[in-house]
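Below you'll find the structure, written out as structure tokens, and then a few comments.
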Amino acid sequence: MNKIKYLSIAILVLLGCYGSANAQTPNDAIMMEGKQACVLFEYNYGTFYKYWEGSDLRENQTIATVYRNTVMPMAAIGIVDRLNFYIGVPYIKTKSSDPNGGQFAGAKGFQDLTVALKYQILNRESESGTFSLLAGVGFSTPISNYLPDYMPYSLGLGAPELSYRAIAQYEMKNGIYFRGGAAYLWRGYAKAEREYYYNDGSYYTPWMDVPNAITADFSLGTWLLEKALRVELNYLGSKSTSGDDIRAYNAPQPTNDIEIDRIGIFAHYYFPNIKGLGVAAYHNQVINGKNTARIRTTGIGVTYFFNYLKNKSQ
């Protein structure tokens, strides 16, 4: 029974774009112009040894350190000057350093396809700086038959997700900017490989009701080297609107009530002599949570901007 208990590790909230290199994503205030596109190819590496069972911080004494490797291709396309479209799908591989004598194998495969739209409502410039207001909507759904109820090795929550997002940013003339965002994530059902589960009551069905969530994020950043380098510090908070705690002597499941507080640092460099090419890097650390892993993630990515259509005058 103790071996089962120490497997009780909640998965980090899926965000498709939350783990990405923040290089022109649905979460920032950067907009592609019309007929312009940006492609991102990212790799990130996450590890954790401790997790929160409810609000209690525990150690993975049975499976030790859990590793999560992600390869993420994504594209941002400027449909018109104020409207951008995004598409991406991550490939994930999970394992642990001590899989309980070989009884627990990791998982690998494509996770969820994510598509999103972001619209710039306002972009007002004054003598002191520029204020931007944006809104977005996104949708993601699993594209492979992974097991959502195989935590902490599961590739994702296994449920469709519809997100509604608002973003506000103020950038001063000296390049320093402040950004804040909030989102509501509606989630559907995930199918488990069992006909019964407990979620503050007995449910005789394989379909698990995944809780919705509310997120908030804040960033303080600046542009340097004549706008060739962007550096920022950021915070992400996420809270489920319902759900249950991981029960003692039981494993986590998609119905859990997950809370996350995460801090991070991010940098994006644009090569002045190579038009359109950039590199990005970041490091994130979950510092507090509930029914989730105390995971740290480091990522690197390559970005490339280009015009996919030219005006007749060009």
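The values are calculated or read from the model by the stated rules, or taken from the named source; none is laboratory data. From a predicted model like this one, the values you see are computed outputs, not experimental measurements. With ideal geometry, Cβ positions are generated from the backbone for all residues, glycine too; neighbour counts draw on all protein chains shown. Accessible surface is based on the protein model in full, side chains and every heavy atom, while ligands, DNA and RNA are left aside. Shrake-Rupley method; radii C 1.70, N 1.55, O 1.52, S 1.80 Å.
Key figures
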quantity	calculated
Sites ASN288 and THR130, calculated FRET efficiency, Cβ-Cβ separation with R0 30 Å, nearest 0.05	0.35
Dipole of the chain [Lys/Arg +1, Asp/Glu -1 at C-beta], most positive-end residue of VAL210, VAL115, GLY158	VAL115
Contour excess over end-to-end distance, with Cα ends at TYR189 and SER242 and 0.36 nm allotted per residue	17.7 nm
Spin-label zone in the stretch 46-63 - amide nitrogen under 11 Å from a point set 7 Å from the Cα of ASP98 along the C-beta vector	60-63
Peptides 24-36, 119-131 ordered by average Cβ neighbours within 10 Å, highest first	24-36, 119-131
Relative contact order computed over the chain (Cα-Cα under 8 Å; 6+ residues apart), in percent	20
Order of exposure, largest accessible area first, which applies to LYS310, LYS275, LYS50 with probe 1.4 Å	LYS275, LYS310, LYS50
With all protein chains modelled, accessible area of PHE104 [1.4 Å, Å²]	50
Ellipticity estimate at 222 nm from DSSP helix runs (n ≥ 4, -39,500 (n - 2.57)) divided over the chain, nearest 500	0 deg cm²/dmol
Loop-located GluC sites (Glu not before Pro) in the stretch 226-297 whose Cβ has at most 15 other Cβ within 10 Å (DSSP)	GLU226
Diffusion coefficient, µm² s⁻¹, Stokes-Einstein with Kirkwood Rh over alpha-carbon pairs of the stretch 39-109 at 25 °C and 0.890 mPa s	167
Residues listed by number, the stretch 21-57, amide nitrogen under 20 Å from ALA216 label point at 7 Å toward C-beta	27-29
Sites ILE121 and LYS35 - FRET efficiency at Förster radius 25 Å, r taken between beta-carbons, to 0.05	0.75
All-pairs alpha carbon distance profile, the stretch 203-264, 10 Å steps from 0, percent	18, 31, 23, 15, 10, 3, 0
Residue-span extension gain [ASN174 to LEU229] - 0.36 nm each, minus C-alpha spacing	18.5 nm
Modelled FRET efficiency - R0 25 Å, GLU59 with VAL279, Cβ distances, 0.05 increments	0.10
Mean Cα-pair separation over length for the stretch 178-314, i.e. relative contact order, pairs under 8 Å, 6 or more apart, %	17
For the stretch 227-239, 3J(HN,Hα) per residue [Karplus equation, 6.51 cos²θ - 1.76 cosθ + 1.60, θ = phi - 60°, Hz, x = Gly/Pro]	6, 8, 10, 10, 10, 8, 9, 9, 9, 10, x, 9, 9
Full-extension gain in nm, ARG82 to LYS108, via 0.36 nm per residue minus C-alpha separation	5.7 nm
Exceeding the 30 Å Cα-Cα cut-off - candidates LYS50/LYS118; LYS108/LYS290; LYS35/LYS173; LYS35/LYS93; LYS35/LYS239; LYS35/LYS108	LYS50/LYS118; LYS35/LYS93; LYS35/LYS239; LYS35/LYS108
Ratio of Rg to Rh over the chain (Cα coordinates, Kirkwood Rh, two decimals)	1.00
